[in-house]
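The values are calculated or read from the model by the stated rules, or taken from the named source; none is laboratory data. This one's a predicted model, so the numbers in the text were calculated from it and none came from an experiment. Every residue, glycine among them, receives a Cβ derived from its backbone with ideal geometry; neighbour counts consider all protein chains shown. Keep in mind that these areas ignore ligands, DNA and RNA; they rest on the heavy atoms of the full protein, side chains included. Shrake-Rupley method; radii C 1.70, N 1.55, O 1.52, S 1.80 Å.
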Amino acid sequence: MFDSPAVVGLARDCALVVRDVFDAYHEAFRAAARRSARHFRARDWRAVREEATDRLRLYARNVDHAIAQVGKRARQDRGDRRLWVAMRDAYATLVEGRPDREIAETFFSSVSRRFFQTIGVDRDIEFESSWSLQFAGRAEDAARRWCPAVGGTESLARGLLAHLGHGLADPAGDVRRVGEAIAHAAQDAFGEPTVDGAEVLTSIFYRNKGAYMVGRLERNGQRLPLVLALLAGDEGIFVDAVLTSSDEISVVFGFAWSYFHVDVERPAAMVAFLRDIMPLKRVDELYTSIGYNKHGKTELYRTLSHHLTLPGARFEDAPGVKGLVMAVFTLPSLNIVLKIIKDRIRAPKRTTRLRVMEQYRRVFLRDRVGRLADAQLFQGLAFPRRCFSDELLGELLHVAPSAVRIAGENVILEHVYTERRVRPLNLFLRETDSAQAEAAILDYGQSIKDLAAANIFTGDLLLKNFGVSRHGRVIFYDYDELAPLTDCRFRRFPPPRSADDELAAEPWFSVAEHDVFPEEFAPFMVPEGPLRDAFLAAHGDLLEPEWWRAVQDRVRAGELVDTFPYPTQRRLRHS
C-alpha cells in the first residue's frame, strides 16, 4: 500500500511541509542573530533579553507547527508509521547537500519523536548520522576572512577592527591596545612578537551585553586562538579584552552561559573552526553554545551511546552528598551527570516533582550569567541494562518509578536531565591546597552576587549545591529552591523582648514564606577557620539585608547586570 505512487506523493508532500517549516524556523533563528547585532550597537539591553527568551521558544513552536501541518495533509494516515518511514526518505533527499543539513535532519527527528513519543531511537523515522562521521565540516569551509600583519601587529589590529565599521569609540586607542596584546601573546607563544596575520570568522557572536570576534593568529604555520571581547559604551564600541588561550576561550563558550546569537550559514563548518581553537570542547557543547541546543542534544546522546559501548562501561553514583530531590548518576568516562527527579520529595524540602520541572524550565529560558549549569532534558532514553549495577538500578526504580522502568534488556528513562559534571564545592575544598581553596571560596561568594544581580536567589546556599569547573569557576546546579530575588523579603532578626525570648526554642517573631535572614547565612556557607575569614573579608556584605535590598532596587529599575567570562585582569585599560 505505502509504495503506491499516491502514497509516495503524499510522503513527499508531507516531507516538503516539514522542510518548509524548518526553513522558516532557521530563517527566524538567524534573523534573531541579526537583530541582536542591532540591539548591541543601540545598547538596547531590554531587547537583548527579550530576543534571547523568544528564540529559546522558537524551536518547540515550529516542531508543533510541523506536526499540525503534516496532520492537515495526511489526515487519517498521519499516525501510520509506514508513511513516516517514506517521509524520512523523501526528507533525506530534500536536505541532501544543504549547508545546514545536520540541523535540518535533527529537526525532522524532533518532529517524529514528538509525534510518536518515541522511546529509544527509531532508526526508520529518525536520522542518526554522527557529525564526526558525515557532517564533519572543515574549518576552512567556515565563512572567514584573512587579515595580514604586513605592517606589524597594530596594522593587523586595524584590519581586524575595520570589520566593525565606524562605530568604534576610540579607534586609535583600540588599535594600539589590541596590537600590543597580540604582540605579547605572540612573544609568549612563538618566541617572537610578530605574526603573519589572523583568520577570523565573519560572523560576530552576541550574548547579553557583549560581542565577540573569534579567530586564530598564524605565524609560520603555527596557530594561536584569538577572541576580541567587545562592549558598547556611551561613545561607541570598544575592545574590552584580547583572549589568546584555549582555556580562556573555553570559558567564554562555557556551559554556564546563555547561548550565543550568531548568524551562521554552515553550522558544521563553524563548529569545526571552533573545535580547532578549543580542542577539549565536545562537538555537542559547541553546537549548544551557538544556539543549536537541540542538535547539541542529538550529538550528546550519540556521544553517550558510544561511551556505553566501551568495555566495562557502567553508570555509577555521582560524587557528592545525596540529595532529597534528585537521583544523580554519571558515567566515569564522560564528564556529564544524569539527574532524575524523585517521585516523593521528603522534608524539609517543600516542593513537588512538577514544581522542580518548572524550575528547570525557567532556568532554560533565562540568562544564566555564567553561574547556572545548562541542563538538557531528555525523554524516552533507552540504555542497556548491563550498564547499570543492581544497586544503582534498584535505587532508581525505588525513588523514581514513574521515570525509570525495565523493558527487556533495556532500562527506559522517561524523563532525565543531563548537566556538565563539576566537582562539588564541599569536596573540592577538602581535596585542594589552601590557595586554590581560597580562590574557590571567593568565587563562590561572587557567584552568589552574580546570580543576585540577575534576579536569582539560590535559596539553598550550602556548599554541596555548588561545583567547581575545570577552569576553577564556581557554578550552581541545584535548582529546586531558586526564586526571583525580588520575591524575597530580606530582614534582620528583631531584637529579643526579654531573656525568655532569647532562651525560647521557637522564634519570638513571625516568619513569612519569603522572609530571608542573611545574618544566619555564615554557619551554612563556610566552615569556621581561615576560609571563612577570607570569605567574610571579601563578601561580608552578603550577611547584610541592606546589601540584598540594594540589589533588589537595581533589578527592579531594569538594570542588566555586567558579567564577564574572563578575569578582571584581562580587561584592557581605557584612558
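At-a-glance table
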| item | result |
| --- | --- |
| Residue count for segment 349-374, restricted to those that are touching a residue at least 24 places away in the same chain (Cβ under 8 Å) and part of a loop (DSSP other than H, G, I, E, B) | 10 |
| Flag if Ile336 is in contact (Cβ under 8 Å) with a residue 60 or more places away in the chain and surrounded by fewer than 23 Cβ atoms within 10 Å (Cβ to Cβ) | yes |
| Residue in segment 181-198 that is outside any loop (DSSP other than H, G, I, E, B), charged (D, E, K, R) and open to solvent by less than 70 Å² (accessible area, probe 1.4 Å) present | no |
| Residue within segment 220-228 that is more than 28 Å from Gly370 (Cα to Cα), open to solvent by less than 10 Å² (accessible area, probe 1.4 Å) and assigned to a strand (DSSP E or B) present | no |
| Some residue of segment 242-256 being open to solvent by less than 20 Å² (accessible area, probe 1.4 Å), part of a strand (DSSP E or B) and in contact with a Leu (Cβ under 9 Å, 6 or more places away or on another chain) | yes |
| Failed criterion for Arg362 (all others in (1) basic (Lys, Arg); (2) at pLDDT 95 or above; (3) closer than 21 Å to Leu451 by Cβ hold) | (2) |
| Answer residue from segment 541-564, given it is in a loop (DSSP other than H, G, I, E, B) and open to solvent by less than 40 Å² (accessible area, probe 1.4 Å) and is farthest from Asp450 (Cα to Cα) among those | Gly558 |
| Residues satisfying the stated conditions in segment 377-406, i.e. open to solvent by less than 50 Å² (accessible area, probe 1.4 Å) and farther than 17 Å from Ala318 by Cα | Phe378, Gly380, Leu381, Ala382, Phe383, Pro384, Ala403, Val404 |
| Cross-chain or 6+ apart pairs with Cβ under 9 Å, segment 67-78 first and more than 15 Å from Gln117 (Cβ to Cβ), then surrounded by 12 or more Cβ atoms within 10 Å (Cβ to Cβ) and of a type in the set (Asp, Glu) | Gln69/Asp20; Arg73/Asp13; Ala74/Asp13; Ala74/Asp80 |
| Unique match (being open to solvent by less than 60 Å² (accessible area, probe 1.4 Å) and assigned to a helix (DSSP H, G or I)) among Ala440, Ala435 | Ala440 |
| Subset of segment 410-439 (residues that are among the small types (Gly, Ala, Ser) and either at pLDDT below 95 or touching a helix residue (DSSP H, G or I) at 6+ places or on another chain (Cβ under 8 Å) (or both)) | Ser434, Ala437 |
| When residues of segment 479-488 are limited to those that are acidic (Asp, Glu) and touching a Ser or Thr at 6+ places or on another chain (Cβ under 8 Å), the one surrounded by the most Cβ atoms within 10 Å (Cβ to Cβ) | Asp480 |
| Selection status of Arg470, open to solvent by 40 Å² or more (accessible area, probe 1.4 Å), closer than 30 Å to Tyr417 by Cβ, modelled with pLDDT of 75 or more and assigned to a loop (DSSP other than H, G, I, E, B) | yes |
| Residue within segment 420-428 that is touching a Pro at 6+ places or on another chain (Cβ under 8 Å), open to solvent by 60 Å² or more (accessible area, probe 1.4 Å) and outside any helix (DSSP H, G or I) present | yes |
| Any chance Asp367 is acidic (Asp, Glu), open to solvent by 20 Å² or more (accessible area, probe 1.4 Å), touching a Ser or Thr at 6+ places or on another chain (Cβ under 7 Å) and closer than 21 Å to Val468 by Cα | yes |
| Residue, most open to solvent (accessible area, probe 1.4 Å), within segment 146-180, restricted to residues that are of a type in the set (D, E, K, R) and modelled with pLDDT of 95 or more | Arg158 |
| Test for Arg223: is it farther than 17 Å from Arg207 by Cβ and in contact with a Pro (Cβ under 6 Å, 6 or more places away or on another chain) | no |
| Some residue of segment 510-530 being β-branched (Val, Ile, Thr), more than 30 Å from the chain's Cα centre (by Cα) and modelled with pLDDT under 95 | yes |
| Lone unmet requirement of (1) open to solvent by less than 70 Å² (accessible area, probe 1.4 Å); (2) over 21 Å from Arg368 (Cα atoms) for Leu463 | (2) |
| Residue satisfying all of: in segment 62-111; closer than 24 Å to Pro5 by Cα and hydroxyl-bearing (Ser, Thr, Tyr); nearest to the chain's Cα centre (by Cα) among these | Tyr91 |
| In segment 36-55, residue farthest from Asn208 (Cα to Cα) [restricted to those that are among the aliphatic types (A, V, I, L, M) and touching a Lys or Arg at 6+ places or on another chain (Cβ under 9 Å)] | Ala47 |
| Matching option when the condition is crowded, with 20+ Cβ neighbours inside 10 Å, more than 30 Å from Leu365 (Cα to Cα) and out of contact with any Lys or Arg (no Cβ under 8 Å at 6 or more places or on another chain), among Ala33, Ala11 | Ala11 |
| When residues of segment 278-326 are limited to those that are open to solvent by 30 Å² or more (accessible area, probe 1.4 Å) and in contact with a Phe, Trp or Tyr (Cβ under 6 Å, 6 or more places away or on another chain), the one nearest to Phe205 (Cα to Cα) | Lys294 |
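Rundown of residues vs (1) of a type in the set (A, V, I, L, M, F, W, C); (2) at positive phi; (3) at pLDDT 95 or above, yes/no style:
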| position | (1), (2), (3) |
| --- | --- |
| Gly323 | no, no, no |
| Leu331 | yes, no, yes |
| Lys349 | no, no, no |
| Leu354 | yes, no, no |
